[in-house]
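Every number in this text was worked out from the coordinates using simple rules, so none of it is lab data. This one's a predicted model, so the numbers in the text were calculated from it and none came from an experiment. Cβ atoms come from the backbone with ideal geometry, glycine included; neighbour counts cover every protein chain shown.
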Amino acid sequence: MSEKNVRLGIIGFGAQGGMYAGLLADGKIAGMTLGAIADTDPAKKDAAAEKHAGTPFYDDYVAMVDSGDVDAVVTTVPHYLHPEMTITAIGKGIHTLTEKPAGVYTKQVEEMNAFAAEHPETTFAIMFNQRTNPVYTDLKALIESGELGRLRHTSWIITSWWRPQGYYDQSEWRATWGGEGGGVLVNQAPHQLDLWQWLAGAPKKVFAKLAFGFQRDIATEDEVNALVDFGEGVTGHFMTSTNDIIGTDRLELLFDKGKVVVDKSNKVTVYRLSEDERSLSDKMTMQDVAKLFRGEMDPSSLYTVEEKTYESAWGQQHIDVLTNFAAHVNDGTPLIADGAEGINGVRLASGMQLSAWTGREIDLVDYPAEEYLSELNKRIEEEGKFPTRS
């Protein structure tokens, strides 16, 4: 265990930044302490002084980065600012943990990734805390073992993101094209988009239908239905929304030799076929099929079922990522999520938006980044509240 200590600067003292400050102040993060806080809101200065007396406070994050008070920063600010702040901090030799999503459009994320790659001595990580969830780390290991064979199809319905109108009304920038860059895809669902491609691989194409301001008085998407193509016949479906008060969280992955179903991100059911499905199909007589359909065949002759329910990992996940970030800075421990990986989810989300705007399938390998930015800027101009992006 290293005795080195990383002094973390928090950029943005809102709900997320406040939580991180509290974890650090309580000594929950090994190898890391609270170095300073920065926020442009004058009211946050008093709040920071009350909760973290003696901790330096800055109204300009660049001044904090230049102060000598911090060795690293975390960017708990609106999505558009993540790349800009990450580039500034890394350029000054400050290790950076950027929040999800990595950005709003791929051009800005590519610039951030390229800049970070030019400074390999400075740590660049991203807060994909769900990658520490045992539900998904165990599933990742199972998939990579090859035991279930090749992926055929995957579907994730994640509609447990219900948000009332009041949620959107509390901030002028929420669910706007110019302030947030989107709706459910850039705010609530980035974790699932990252996990989906982390587990199944990055899709190559996407076709999507999005509903904009469907059940909420907002400009951006509040319901999404997307079909993706992983290549070689492998397909997938992703659905998310913020208007289902009951909500569903169900991930399915179908393989040649089995199936995995994850319900509510805590109950995992693994079906293992006795042999690959094509072999079972080729061997089965129509008499056997009739027995199967009538429920007269013992299912255990075809597959086994394993069920496991996990305890909630909420809260611990952020601690794990921060601790891992500190360990990487101090001792070179491999990162849970390298910052460069953030572009995968951004490309997938923006590809879904662009498909809905244009009515066509979007190539995610040869991605039309400039077209997306042009379409995004049209919508920012129509809003008339925020500057366009470049």
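The label-point distance for residue 312 and residue 204, in a model that sets each label 7 Å from Cα toward Cβ, rounds to 4.2 nm.
The phi-based Karplus calculation (6.51 cos²θ - 1.76 cosθ + 1.60; θ = phi - 60°) puts the 3J(HN,Hα) values of region 109-123 at 6, 4, 5, 4, 4, 5, 5, 4, 5, 7, 10, x, 6, 10, 5 Hz, whole numbers, x for Gly and Pro. Of the residues 258, 213, 233, the one that moves most in a GNM of the chain with alpha-carbon contacts below 10 Å is 233.
Go ahead and run the numbers for FRET between residue 294 and residue 145, Cβ-Cβ distance against an R0 of 45 Å, rounding to 0.05.
0.80
Shown in residue order for region 37-49 are the 3J(HN,Hα) couplings computed by the Karplus curve 6.51 cos²θ - 1.76 cosθ + 1.60 at θ = phi - 60°: 10, 10, 7, 7, 7, x, 5, 6, 5, 5, 5, 5, 5 Hz (x for Gly and Pro). Pairs 4/28; 107/205; 140/283; 51/92: which are spaced more than 23 Å apart, C-alpha to C-alpha? Check vs 23 Å cut-off fails for 140/283; 51/92. Distance distribution note for region 209-330: the fraction of Cα pairs above 23 angstrom is 61%.
Karplus-derived 3J(HN,Hα) values for region 170-187, using 6.51 cos²θ - 1.76 cosθ + 1.60 with θ = phi - 60°, are 6, 9, 5, 8, 5, 6, 10, 6, x, x, 10, x, x, x, 4, 5, 9, 9 Hz; glycine and proline are entered as x.
Anisotropy class assigned to region 286-390 is oblate, per the alpha carbon gyration tensor with a/c at or over the 1.5 cut-off and a/b no larger than b/c.
Among 369, 226, 53, whose mean-square fluctuation peaks in a Gaussian network model of the chain (Cα, cutoff 10 Å)? Looking only at 369, 226, 53, the largest GNM fluctuation is found for 53. Selection among 369, 220, 90 by position relative to the dipole of the chain gives 220 as farthest towards the positive end (Cβ unit charges, Cα centre).
Build a GNM of the chain with springs between Cα atoms under 10 Å apart, and of 308, 257, 140 the one that fluctuates most is 308. Peptides 341-348, 371-378 ranked from most to least packed by the mean count of surrounding Cβ atoms within 10 Å: 341-348, 371-378.
Summing Lys and Arg as +1 and Asp and Glu as -1 over all other residues whose Cβ lies under 12 Å from the Cβ of residue 301 gives a net charge of -2.
Using a cut-off of 24 Å between Cα atoms, the listed pairs 259/291; 257/291; 267/291 include 267/291 as exceeding that distance. With the simple spin-label model, which puts each label point 7 Å out from Cα in the Cβ direction, the residue 26 to residue 217 separation comes to 3.8 nm. Peptides 192-198, 260-266 ordered by packing proxy, namely the average of other Cβ atoms within 10 Å per residue, highest first: 192-198, 260-266.
Computing FRET efficiency as 1/(1 + (r/R0)^6) for residue 382 and residue 264, where r is the C-beta to C-beta distance and R0 is 45 Å, gives about 0.75. A prolate overall shape is assigned to the chain, the ratio a/c of its alpha-carbon gyration tensor axes (a ≥ b ≥ c) being 1.5 or greater and a/b exceeding b/c.
Of all DSSP beta bridges confined to the chain, the antiparallel ones make up roughly 65%. Each stretch of four or more DSSP H residues adds -39500 (n - 2.57); spread over every residue of the chain, this sum gives -11000 deg cm²/dmol at 222 nm.
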